[in-house]
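The structure under discussion appears below in the form of structure tokens.
The values are calculated or read from the model by the stated rules, or taken from the named source; none is laboratory data. Quick caveat: nothing in here was measured; it's all calculated off a predicted structure. Backbone-built Cβ (ideal geometry, glycine too); neighbour counts: all protein chains shown.
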Number of protein chains: 2
Amino acid sequence: MQLIADNLQITRPVVADAVERRDPLPIADLVKRCVAAGAEAIDINPGPLKRNPRETMRFLVETVQSVTDRPILLDTTNPAAIEEGLAACRGTAIINGFSLEREKCNHILPLAKAFGVDIIGYLLDPDSHVPTDETDCFAIALELLAEMEKAGVDRHRLIIDPVIAPLIWGNGIAHNRAVLALIRTLPDLTGFPVRTIAGISNLTSGPGPKEKKRLAETTFLPMLAAAGLDMALMNVFHEETVRTVRACNGLIRQEIFSWAGF
Amino acid sequence: MQLIADNLQITRPVVADAVERRDPLPIADLVKRCVAAGAEAIDINPGPLKRNPRETMRFLVETVQSVTDRPILLDTTNPAAIEEGLAACRGTAIINGFSLEREKCNHILPLAKAFGVDIIGYLLDPDSHVPTDETDCFAIALELLAEMEKAGVDRHRLIIDPVIAPLIWGNGIAHNRAVLALIRTLPDLTGFPVRTIAGISNLTSGPGPKEKKRLAETTFLPMLAAAGLDMALMNVFHEETVRTVRACNGLIRQEIFSWAGF
């Protein structure tokens with residue numbers, strides 16, 4: 001399971017302020033700390049970027065690249081910003097992401113072909129709602145693949161995000177149980193080892209005691225890992241959760257055990 | 001997932017000493033602390049009991065029953081001790097357990113019928129070795145059921161223990177991955193919702209840093225829970241691990257989420 005930082009997001013005042021002032025230092029510092037904490041890739045989430053989408057995304061990609069050459073996820077609904085980010089990226093980029101929304105299939109998905117990069121597909125219905133049952137999820141997974149094919153993008157470029165629900169949602173627990181089954185079953189359904197990603201921070205969004213939120217993360221992550229999750233997008237400053245990711249890899253991915261690798 | 005204490009075992013000097021002196025107090029105190037820590041059942045493991053098997057087991061069962069009415073697991077290879085324990089037990093008893101060893105099928109399994117109690121069956125080959133691959137495990141599960149039938153014991157009385165391997169064993173990681181697949185698949189294989197139990201302390205037996213051992217427990221337990229494990233037999237004084245068991249139940253068994261139940 002690869003560890004991807006979701007820390008670089010515009011909803012954090014320090015990031016919003018640095019973007020506003022075009023000050024690379026706070027962002028470079030944040031990214032350095034993410035890498036030190038174990039981040040293997042950095043998700044850049046600048047929001048929908050209604051103003052200056054291209055310039056802002058270029059600023060962010062260049063700032064991240066000034067301190068690390070780890071892969072970058074371009075996490076916005078703005079196609080122009082994604083395109084500029086892809087153009088600015090010297091290393092590996094991943095588009096995060098598209099869904100069955102017409103707008104996204106038409107304007108974001110083609111960028112995966114144009115730049116030859118991986119793209120995350122959300123398991124959401126065409127109105128961007130979380131589907132209510134497993135059968136719907138499977139149907140959506142197949143439709144995402146059909147859209148990939150229509151757009152001429154190699155199916156192996158797809159990384160599916162089954163969209164973890166906040167636990168405090170009415171059907172959050174049941175949905176997240178379905179997510180586990182889905183991750184386990186998707187490779188059989190699609191007929192190839194399709195990769196999966198999950199946003200862990202979603203699980204505990206909303207009110208709740210901090211210690212129990214961490215416990216929910218460290219308990220649900222091993223379940224995701226055992227189901228076969230490839231990438232965990234999360235706050236890499238949650239030390240216990242990062243330790244758990246490493247332990248998951250120790251138990252699931254290794255062939256030879258050693259406490260040292262734990 | 002039910003939490004079962006493995007703390008009452010003869011390998012602990014305080015237990016060995018109390019048994020030797022027939023002093024119920026240290027044992028009663030230990031059991032009280034197990035219950036306070038969240039134990040929903042108590043495993044009594046007095047070793048093979050070469051001397052005074054009946055008297056010793058009766059002493060232990062009566063001492064446990066003097067402080068709790070939770071279910072008792074009779075964990076010994078000595079059939080006379082199991083029989084006496086069953087006779088002494090006023091509440092629910094579970095035999096722990098039998099395997100395909102001829103001796104055990106002939107002398108332990110019939111006690112499940114005689115006393116109408118649940119019995120744990122170990123997924124071990126007839127020489128009591130851990131099988132090397134998943135296919136062998138499945139074959140052994142079916143043989144355990146065949147032995148149940150031969151002995152006239154209701155198949156729903158069987159609780160399968162797939163035997164977690166110590167991580168430091170040569171093939172420990174691979175075996176434990178197979179255990180996860182097995183727990184998930186056993187109900188399909190047997191054709192009924194067969195229950196499963198796992199000894200968590202086995203995972204980290206042998207040398208290793210304490211903190212990493214706890215991390216291995218709290219990481220592997222959610223994997224077992226998501227696979228469908230019914231009972232976790234473990235040291236209930238490991239607070240983080242007990243917290244994880246509760247969180248697993250919050251994520252897997254509940255229908256309505258609340259941080260309070262976490």
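Does the stretch B:91-98 contain at least one residue that is surrounded by fewer than 21 Cβ atoms within 10 Å (Cβ to Cβ), more than 14 Å from chain A (Cβ to nearest Cβ) and not small (G, A, S)?
Yes: one or more hits.
Return yes when A:M223 is within 14 Å of another protein chain (Cβ to nearest Cβ) and either touching a residue at least 24 places away in the same chain (Cβ under 8 Å) or under 16 Å from A:L3 (Cβ atoms) (or both) and no when it is not.
Here the answer is yes, as A:M223 does meet what is asked.
I'm checking my understanding of the structure. Among residues of the stretch A:203-220 that are within 7 Å of chain B (Cβ to nearest Cβ) and in a loop (DSSP other than H, G, I, E, B), which one is surrounded by the fewest Cβ atoms within 10 Å (Cβ to Cβ)?
Across the stretch A:203-220, the extreme among qualifying residues is A:P209.
Kindly indicate whether A:A165 is small (G, A, S) and either in a loop (DSSP other than H, G, I, E, B) or closer than 19 Å to A:L189 by Cα (or both).
yes
Quick check on my filter: what residues within the stretch A:163-177 are more than 14 Å from A:I200 (Cα to Cα), touching a His at 6+ places or on another chain (Cβ under 8 Å) and touching a residue at least 24 places away in the same chain (Cβ under 8 Å)?
none
Let me spell it out: the conditions are (1) surrounded by fewer than 16 Cβ atoms within 10 Å (Cβ to Cβ); (2) within 14 Å of chain A (Cβ to nearest Cβ), and B:D154 meets all of them except one. Which number is the exception?
So B:D154 meets the others, but not (2).
Can you tell me which residue in the stretch A:221-262 is farthest from A:I44 (Cα to Cα), limited to those that are assigned to a helix (DSSP H, G or I) and of a type in the set (S, T, Y)?
My answer is A:T244.
Mind listing just one residue for me: the one in the stretch A:244-260 that is more than 13 Å from A:L3 (Cβ to Cβ) and more than 8 Å from chain B (Cβ to nearest Cβ) and, of those, surrounded by the fewest Cβ atoms within 10 Å (Cβ to Cβ)?
Residue satisfying both the conditions and the ranking: A:A260.
Checking A:T185 against (1) surrounded by fewer than 24 Cβ atoms within 10 Å (Cβ to Cβ); (2) among the polar types (S, T, N, Q); (3) closer than 25 Å to B:S258 by Cβ, which test does it fail?
The single condition A:T185 does not satisfy is (3).
If I filter the stretch A:126-151 down to residues being aliphatic (A, V, I, L, M) and assigned to a helix (DSSP H, G or I), which single residue comes out as surrounded by the most Cβ atoms within 10 Å (Cβ to Cβ)?
This residue is A:L144.
Of the residues A:F98, A:F138, only one is touching a helix residue (DSSP H, G or I) at 6+ places or on another chain (Cβ under 8 Å), in contact (Cβ under 8 Å) with a residue 24 or more places away in the chain and closer than 20 Å to A:L49 by Cα; which?
A:F98
Within the stretch B:226-236, restricting attention to residues that are over 18 Å from B:L73 (Cα atoms) and among the hydrophobic types (A, V, I, L, M, F, W, C), which residue is nearest to the other protein chains (Cβ to nearest Cβ)?
B:A226
Taking the condition hydroxyl-bearing (S, T, Y) and farther than 22 Å from B:L123 by Cβ, does B:T68 pass?
Yes, satisfied.
Here are the criteria: (1) at the interface with chain B (Cβ under 8 Å from one of its Cβ atoms); (2) touching a Phe, Trp or Tyr at 6+ places or on another chain (Cβ under 9 Å); (3) at pLDDT 95 or above. Tell me which single one A:G172 does not satisfy.
Failed condition: (3).
Filter the stretch B:175-184 for residues that are at the interface with chain A (Cβ under 9 Å from one of its Cβ atoms) and more than 13 Å from B:A225 (Cα to Cα) and give the result.
B:N176, B:R177
All but one of (1) surrounded by fewer than 21 Cβ atoms within 10 Å (Cβ to Cβ); (2) within 30 Å of A:M1 (Cβ to Cβ) hold for A:V31; state the number of the condition that does not hold.
(1)
Of the residues A:P187, A:P193, which single one is part of a loop (DSSP other than H, G, I, E, B), more than 10 Å from chain B (Cβ to nearest Cβ) and free of Cβ contacts under 8 Å to residues at least 60 places away in the same chain?
So the residue among A:P187, A:P193 that is part of a loop (DSSP other than H, G, I, E, B), more than 10 Å from chain B (Cβ to nearest Cβ) and free of Cβ contacts under 8 Å to residues at least 60 places away in the same chain is A:P193.
Would it be correct to say that B:I197 is outside the structural domain of B:I4 (by TED's automatic domain parsing) and touching a Gly at 6+ places or on another chain (Cβ under 7 Å)?
No: the conditions fail for B:I197.
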